[in-house]
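What follows is a single structure, and I will ask about it in a moment.
The values are calculated or read from the model by the stated rules, or taken from the named source; none is laboratory data. Values in this document were obtained by computation on a predicted structure and should not be read as measured data. Quick reminder, even Gly has a Cβ in these numbers, built from the backbone with ideal geometry, and neighbours come from all protein chains shown. To get the accessible areas, we keep the full protein, side chains included, count just its heavy atoms, and leave off ligands, DNA and RNA. Shrake-Rupley method; radii C 1.70, N 1.55, O 1.52, S 1.80 Å.
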Amino acid sequence: ITNEESEDEPLSREQQVDTRLSERDAAGGNGEVTEETEGDGQRDGEEAEQLDQTPVLSNKPRKKKKKRKTKKTLAGEALEDNDLEDIDSLLEKIEDTNGLSQQTQSGIIADSRPLLYVEHRNLNPENELKRYFGARAVLGDQRPRQRQRQYLCSTWLTAPKDTWPRYSKTGISMQLLDTRRGVQSFTFEHHRDYQQVQFKFLEAVESMDPNNIVLLLEVYPYHVDCLLQLSDVCRMQEDQEMARDLVERALYSLECTFHPIFSLTSGTCRLDYRRLENRAFFLALFKHLMFLEKRGCPRTALEFCKLILSLDPENDPLCMLLLIDFLSLRAKEYTFLTRMFQEWESHRNLSQLPNFAFSVPLAYFFLSQQEERPELELSQARERAARLIQLALIMFPSVLMPLLDHCSVQPDARVASHSFFGLNAQISQPPALNQLTSLYVGRTHSLWKDPAVMAWLETNVHAVLRMVDARDPLVEESELKRKMRYQSAPRNIYRHVILSEMKEAMAALPLEVTSQPVMGFDPLPPLDSIISYTRPER
């Protein structure tokens, strides 16, 4: 730009006005010329300073200003939340030309955001599939479709489909309960009409005939609990497509009733799971997340997992902490997992959950394999991975053998014959711990099959055996902790196991859970439920 400008001779003010007048004359319309010259008269005072430095040919100074602006934003100044979406799209555009700067830039922005920040674009599985397979493979030869049907609202969680019945008000609304320290508490409310439908739904469930639910849905196509219950029936009958569609419809129905200031992305909006009306939203999100993970969209599933956790991070009613590490590893979001561990370990004791104890060192190991990172970072990641995996193996020795078994790996003679990792480790552990370890092994064993991971695990297993033989006091401490803790699992863990349908963990559930009927629309309701309306006596 500077070269071009230095070659051009600066124009005087009279010449500039003359050129503009002649351009206007050529375009025609004398009225416009007078307006333009009047405007120029006002602008002359402002432009006089700039004319000495820069020549004014057509719109060059304007363009220059624009370029400066974009450069500033890319330099990563303090950005407001509503600008982040624009910046992300800008960064994506320059990804091809300058991949490295894009990575560092997104890293800077990601670190300054809250941990459970949710991005709208990451809630759409099509975006993830396009990244893997390209837009043409995902969208095919679809033309941009004109919607024949007018929907009430545009939504982030799901896209409404033309095959769905026309949406009309369901009788659910959302109310703001209170605001404390920047955190807003909301609740869904059922109006009288919806309550009547809910009573009919409960009768249909008690009849044990899915056709009764189908009949009810024909009359009330957006009744949320009907959609969730029928989705479970379809899944049992292996109709995955229909099951997924019904869950999406339930999510759409609930999103259309959101309060104007309820935000999916801020991480400051709360819903109380103890309230019956709120549970459907938690469960619909969880079921949708599981379908996304099976479809091969782990990044989108992780975003939904963060969303569920942000709705009630203190109580975590669906125990998303047992799942978020697996989705982070599947989506290759290793820095998110390590950041979560660093920020939450002090007040949530994440290392006491077997899944975090093993997944965090695995994330550090994967980070240490990324050669584009500086050498200092790589060596730190290697050290942390080794230290944390050894602590995990000492704290939870019962994980190793089932994990090797699932990965079809035969342990060497020293490990197989040693009592520390032997059968005794599994028999002696409390039943609540047994559920957590079997859930972790059943869910994440596929991530450990990599030969490089197995070689790293083997060296650390031998290091742990040396510590055990040397009577390290840490080994005895860990054994005492295991016996003291994990006496009985909280109800949200049982709820998570039931919803996950992991065979290994389901088998370890205690009798008091398996002996009671579990409803798909409300599995294991909290014992301190808040009930706003009751069913009339029959």
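Using a 1.4 Å probe on the protein heavy atoms, what percent of the accessible area of segment 273-426 belongs to carbon and sulfur?
That fraction is 49 percent.
Can you figure out the FRET efficiency of Val409 with Arg535, using R₀ = 60 Å and their beta-carbon distance, to the nearest 0.05?
Result of the calculation: an efficiency of 0.65.
Collect residues whose amide H, placed 1.01 Å from N in the peptide plane, falls under 5 Å from the amide H of Ile530; neighbours closer than 5 in sequence don't count.
Amide H to amide H, under 5 Å and 5 or more residues apart or across chains, Ile530 pairs with Arg275, Leu276.
Now for a separate question. What ranking of Met242, Met236, Met320 comes out by heavy-atom accessible area, probe 1.4 Å, highest first? Intermediate values should be presented prior to the final figure.
Values: Met242 75, Met236 150, Met320 0 Å².
Greatest to least solvent exposure: Met236, Met242, Met320.
Put Glu371, Glu128, Glu501 in order of accessible area, largest first, 1.4 Å probe: what do you get?
Sorted descending by solvent-accessible area, the residues read Glu371, Glu501, Glu128.
Kindly give Rg over Rh for segment 389-464, based on alpha-carbon atoms, with the Kirkwood expression for the hydrodynamic radius.
Rounded to two decimals, Rg/Rh equals 0.93.
Would you tell me the accessible area of Lys294, worked out with a 1.4 angstrom probe on the heavy atoms of the protein chains, in Å² to the nearest 10?
140
Using 1/(1 + (r/R0)^6) with R0 = 25 angstrom and r between the beta carbons of Arg181 and Gln352, what's the FRET efficiency to the nearest 0.05? Provide the component values of the computation, followed by the final result.
Numbers: r = 28 Å, r/R0 = 1.11.
Given R0 = 25 Å and the Cβ-Cβ separation, E is 0.35.
Quick one: give the max-minus-min coordinate of the C-alpha atoms of segment 337-537 along each principal axis, largest first, in Å.
Projected onto the principal axes, the Cα atoms of segment 337-537 cover 69, 40, 32 Å.
Taking the alpha-carbon centroid of each part, what is the distance from segment 448-497 to segment 284-361 in angstrom?
Centre-to-centre distance over Cα atoms comes out at 20 Å.
Then there is this: From the residues Ser351, Leu511, Val461, which one has its Cα farthest along the dipole of segment 337-537 in the positive direction, the dipole being from +1 and -1 charges on Cβ of Lys/Arg and Asp/Glu about the Cα centre?
Going by the Cα projections, it comes out as Leu511.
What figure in square angstrom, to the nearest 10, would you give for the accessible area of Arg244 with a 1.4 Å probe?
40
Given labels modelled 7 Å from the Cα in the Cβ direction, how far is it in nm from Glu314 to Met467?
3.5
Follow-up question, since we're still on this one. How fast does segment 261-382 diffuse by Stokes-Einstein, in µm²/s, taking the Kirkwood radius from C-alpha pairs at 4 °C and 1.567 mPa s?
It diffuses with D of about 83 µm²/s by this estimate.
Along the Cα→Cβ direction, 7 angstrom out, place labels at Lys169 and Glu126. What is the inter-label distance in nm?
Here the modelled spin labels are 3.0 nm apart.
Given a cut-off of under 8 Å on Cα pairs at least six residues apart, what relative contact order in percent is computed for segment 337-537?
20
Roughly what would the spin-label model give for Lys161 and Gln342, points 7 Å off Cα along C-beta, in nm?
If labels sit at Lys161 and Gln342, their model points lie 4.3 nm apart.
Taking square-rooted eigenvalues a ≥ b ≥ c of the alpha carbon gyration tensor, is segment 158-197 rounded, prolate or oblate, where a/c under 1.5 means rounded and, failing that, a/b exceeding b/c means prolate?
Note, shape of segment 158-197 comes out oblate.
Roughly how much of Thr179 is accessible, in Å² to the nearest 10, using a 1.4 Å probe?
80
Now for a different question. With just the Cα atoms of segment 406-506, tell me how far they stretch along each of the three principal axes, in Å, largest first.
Largest to smallest, the principal-axis extents are 40, 33, 18 Å.
Top to bottom by accessible area (1.4 Å), largest first, where do Met484, Met502, Met519 land?
Ranked from most to least accessible, the order is Met484, Met519, Met502.
Going out from 0 in 10 Å bins, what whole percent of all Cα-Cα distances in segment 387-426 drops into each bin?
P(r) for segment 387-426, in whole percents per bin: 30, 60, 10.
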